[in-house]
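Written below as structure tokens is the structure these notes are about.
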Amino acid sequence: MVSLEKVEWKGCEDVKNPFVMECGNYKTRYEKDMAIFSIKRVKIRMLGLAILAFLFPLLADNYVIGLATLCAIASIGAIGLNILTGFTGQISIGVGAFLGVGGYTSAILTSTLGLSFWVALPVAGLITASVGALFGIPSLRLKGLYLAIATLAAQFIILFVISRWTGLTGGTSGMVLQRPSIGSFSLMSASSYYYLCLIILLFTIVYALNLFRSRTGRAFLAVRDRDVAAEIMGINLFTYKVLSFAISSFFVGIAGALLAHYTMIVSPELYSITVSIQYLAMILVGGLGSILGSILGAIFITLLPVGLGFIMDYLAVYMPDMQNTLAAFQELAFGAAIILFLIFEPGGLAHMWSNIKNYFKVWPFSY
Amino acid sequence: MTFFMQMLVSGIVVGSIYALVALGFVLIYKASDALNLANGEFVLIGSYICLTLVTALKLPFLVALAVTLGVCGVLGLLVERVVLRPLLNAPTISVIMATIGLGNLLAGLVHMVWGHQTRVYPNLFPNTPVTFGEVLITPVYLWSFIIVMALLLAFTIFFKFSKMGVAMRAVADDLQAAASMGINVKRVFAITWAIACIVAAVGGVLLGNINGVNATMSVIGLTVLPVVILGGLDSIPGAIVGGFIIGILQSMAGGYIDPLVGGGLKEVFPFIIVILILMIKPYGLFGKGGMERV
């Protein structure tokens with residue numbers, strides 16, 4: 001009798017062609033199941049993708065690089081929100097204000113106190129994390145809808161404080177920021193700031209992927225699936241819910257600081273409830289509880305108005321007065337996109353992608 | 001003292017409209033466990049439709065109001081059928097996001113059709129204020145209050161005695177039990193949405209008569225959240241009581257605290273109350289806290 005331990009099922013791992021899909025599940029060890037890259041080829045493909053992301057500014061013009069930077073920043077924030085909402089199941093409608101906390105912290109630290117960006121960025125993350133944890137405390141007693149309303153209240157209260165605390169934040173007129181610099185080299189150009197955001201995004205992705213292979217991450221999933229059951233199994237609900245708020249807000253704060261240094265201005269209206277809704281839409285359209293989904297959703301929602309703008313430019317030739325309704329049309333399309341995704345693809349873009357992959361796994365012999 | 005009374009009266013009137021809009025909100029929550037964040041846009045649409053009928057088509061106000069309510073009822077049915085029914089068994093966040101998406105869609109539609117500038121209803125009520133002791137009340141306020149009170153009374157009777165009202169309460173109480181007793185749950189949901197849309201439209205028409213109509217009016221959809229949290233999300237009397245309390249508190253905060261902090265507190269004050277309530281009494285004044293089984 002052959003013991004299962006000694007048999008190493010390799011599946012199609014020996015195939016050299018990088019485009020061949022893994023055609024079945026051949027995992028025999030727990031470590032293999034937990035690995036981030038299930039087989040070596042996936043690792044190579046992901047590396048290739050990362051290299052493409054790094055080479056991309058060489059080919060694109062500044063406008064496109066700017067859009068890519070916004071996508072990268074939004075991805076960081078969306079991953080943060082997904083950790084809270086998608087993985088831990090705590091609905092938050094206050095992301096906009098937390099982005100604001102990150103942005104304003106960085107603005108105050110760099111512009112008012114004259115600290116370096118490289119100090120301000122992590123501090124902005126930590127301060128946002130503590131504010132997030134503070135507003136996460138009610139989550140122990142509140143669930144679902146009640147929690148959603150509590151975070152909505154957080155959104156309004158934080159924004160009110162920001163716009164009235166004129167001595168600290170400059171009130172409604174906002175504050176001006178500078179781009180960061182390394183030594184004497186300022187990250188003023190579009191591509192250099194893109195690289196900064198991309199590197200931070202890569203760190204965020206690696207952190208998030210590893211988080212859900214650890215005890216903490218699994219505890220988050222247990223809390224999401226059934227918090228009472230999780231508590232009975234020995235998970236301290238209070239600790240993990242507040243921790244989830246803190247970790248999530250940390251990334252949102254980092255995204256807020258990056259965004260503030262990118263636009264080089266912070267003012268209260270940049271962090272309204274509309275922004276919160278956009279971030280929720282990102283993780284919903286992308287896929288709740290999926291890192292890949294957060295990124296895809298962030299890209300989709302960031303590029304949606306741009307794409308609609310192109311369509312409107314095209315249509316303006318035939319209907320000249322359409323240009324005036326562009327903003328309204330964007331709002332309408334945004335709402336329609338959310339509803340259509342919810343009804344027809346609740347798993348989001350990440351689910352669509354995995355469907356496509358599954359289809360090609362055994363293609364063309366799919367039966 | 002006169003100032004206090006004046007603030008109190010305007011608080012009561014605004015609060016009565018909050019109560020009405022919150023009623024629609026609670027109805028939907030009770031029936032389908034959904035938080036309707038598109039409520040503000042329902043208010044807006046009702047107000048604009050009635051305004052258009054009165055100004056452009058020159059219909060008499062009461063006819064216009066009746067037509068508006070009819071249109072909004074149909075809108076409610078349509079929304080339920082197209083957006084909410086496919087999400088019947090979806091998780092909470094999906095339903096919340098669906099109503100947010102719906103709100104965006106409707107807001108975009110309203111902006112495309114009616115634009116952004118504030119429009120004013122023609123004077124439907126006389127302008128000379130009525131005096132009660134020292135307090136001056138404009139007839140618009142008085143009429144709003146009377147209409148809202150009449151509607152709230154009508155709905156209370158409807159829920160208590162009509163067959164449909166009883167069916168709605170049964171569905172809210174226990175969906176499966178209601179369905180097994182032969183109640184057509186889908187029909188109840190549809191009618192719930194129609195009613196919610198209609199009360200929102202009435203609120204919109206009244207608010208429009210008081211303040212004029214523009215896109216920012218949809219904020220009321222968020223302001224009623226504190227109302228329903230205070231009253232308890234699943235309690236109709238709670239919505240009514242909560243509406244008055246929040247209306248009065250907001251008016252007082254606007255009158256007394258706003259001059260001290262430089263304005264803007266009026267809009268935020270209800271949300272500060274929300275945080276306090278959620279900390280102290282999470283299920284509101286009249287809400288039912290749930291026991292949970294694993």
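Things worth noting here:
- Helices (runs of 4 or more DSSP H) contained entirely in the range B:1-84, each with at least 3 residues that are out of contact with any strand residue (DSSP E or B) (no Cβ under 8 Å at 6 or more places or on another chain) and under 23 Å from B:Pro226 (Cα atoms): B:2-32, B:39-55
- Residue that is farthest from B:Ile273 (Cα to Cα) [pool: residues in the range A:129-163 that are of a type in the set (Ser, Thr, Tyr) and at the interface with chain B (Cβ under 8 Å from one of its Cβ atoms)]: A:Ser163
- Test: A:Thr172 is of a type in the set (S, T, N, Q) and surrounded by fewer than 15 Cβ atoms within 10 Å (Cβ to Cβ): yes
- Residues in the range B:89-107 that are facing chain A (nearest Cβ under 7 Å) and over 20 Å from the mean Cα position of the chain (by Cα): B:Ala90, B:Thr92, B:Ile93, B:Ser94.
- The residue of the range B:23-50 that is surrounded by the fewest Cβ atoms within 10 Å (Cβ to Cβ), among those that are of a type outside the set (A, V, I, L, M, F, W, C) and under 16 Å from B:Thr216 (Cβ atoms), is B:Tyr48.
- From the list A:Leu145, A:Leu201, A:Leu221, the lone residue that is closer than 23 Å to B:Val268 by Cα and of a type in the set (A, V, I, L, M, F, W, C) is A:Leu145.
- Qualifying residue in the range B:117-128 (condition: within 14 Å of chain A (Cβ to nearest Cβ), part of a helix (DSSP H, G or I) and either polar (S, T, N, Q) or exposed (fewer than 15 other Cβ atoms within 10 Å of the Cβ) (or both)): no
- Exactly one residue out of B:Leu153, B:Leu109, B:Leu105, B:Leu142 is loosely packed, with under 11 Cβ neighbours inside 10 Å and part of a helix (DSSP H, G or I): that is B:Leu153.
- B:Ala90, sole failed condition from (1) without any contact (Cβ under 8 Å) to a residue 24 or more places away in the chain; (2) farther than 21 Å from A:Ala336 by Cβ; (3) surrounded by fewer than 21 Cβ atoms within 10 Å (Cβ to Cβ): (2)
- In the condition set (1) closer than 19 Å to A:Leu292 by Cβ; (2) of a type in the set (D, E, K, R); (3) more than 21 Å from the chain's Cα centre (by Cα), A:Arg213 is compliant with all but (3).
- Taken over the range A:57-82, the criterion of being part of a helix (DSSP H, G or I) and out of contact with any helix residue (DSSP H, G or I) (no Cβ under 7 Å at 6 or more places or on another chain) is satisfied by A:Leu58, A:Leu59, A:Tyr63, A:Val64.
- Residue match in the range A:316-324 (condition: within 9 Å of another protein chain (Cβ to nearest Cβ) and part of a helix (DSSP H, G or I)): yes
- Only one of A:Pro268, A:Pro346 that is surrounded by 13 or more Cβ atoms within 10 Å (Cβ to Cβ), closer than 30 Å to B:Gly264 by Cβ and assigned by TED's automatic domain parsing to the domain that holds A:Ile158: A:Pro268
- Total residues in the range B:9-66, condition within 26 Å of B:Met112 (Cα to Cα) and in contact with an Asp or Glu (Cβ under 9 Å, 6 or more places away or on another chain): 0
- Residue within the range B:255-273 that is at pLDDT 80 or above, crowded, with 20+ Cβ neighbours inside 10 Å, more than 19 Å from A:Leu140 (Cβ to Cβ) and more than 10 Å from chain A (Cβ to nearest Cβ) present: no
- Residue selected from the range A:329-347 under the condition in contact with a Leu (Cβ under 9 Å, 6 or more places away or on another chain) and not in a helix (DSSP H, G or I), by the criterion farthest from the other protein chains (Cβ to nearest Cβ): A:Gly347
- Residue within the range A:249-257 that is part of a helix (DSSP H, G or I) and farther than 20 Å from A:Leu126 by Cβ present: no
- Residue match in the range B:51-61 (condition: buried (at least 17 other Cβ atoms within 10 Å of the Cβ), at pLDDT 85 or above and closer than 28 Å to B:Gln250 by Cα): yes
- Single condition B:Val82 does not satisfy, out of (1) more than 30 Å from B:Ile183 (Cβ to Cβ); (2) modelled with pLDDT of 85 or more; (3) surrounded by fewer than 15 Cβ atoms within 10 Å (Cβ to Cβ): (1)
- Exactly one residue out of A:Val223, A:Val228, A:Val242 is more than 13 Å from A:Tyr104 (Cα to Cα), at pLDDT below 90 and not charged (D, E, K, R): that is A:Val228.
- The one condition in (1) away from chain B (no Cβ under 11 Å); (2) farther than 15 Å from A:Gly77 by Cα; (3) crowded, with 18+ Cβ neighbours inside 10 Å; (4) aliphatic (A, V, I, L, M) that A:Val306 fails to fulfil: (3)
The values are calculated or read from the model by the stated rules, or taken from the named source; none is laboratory data. In this text, all values refer to a predicted model and were calculated from it rather than measured experimentally. A quick note on method: Cβ atoms are made from the backbone with ideal geometry, for glycine too, and the neighbour counts reach across all protein chains shown.
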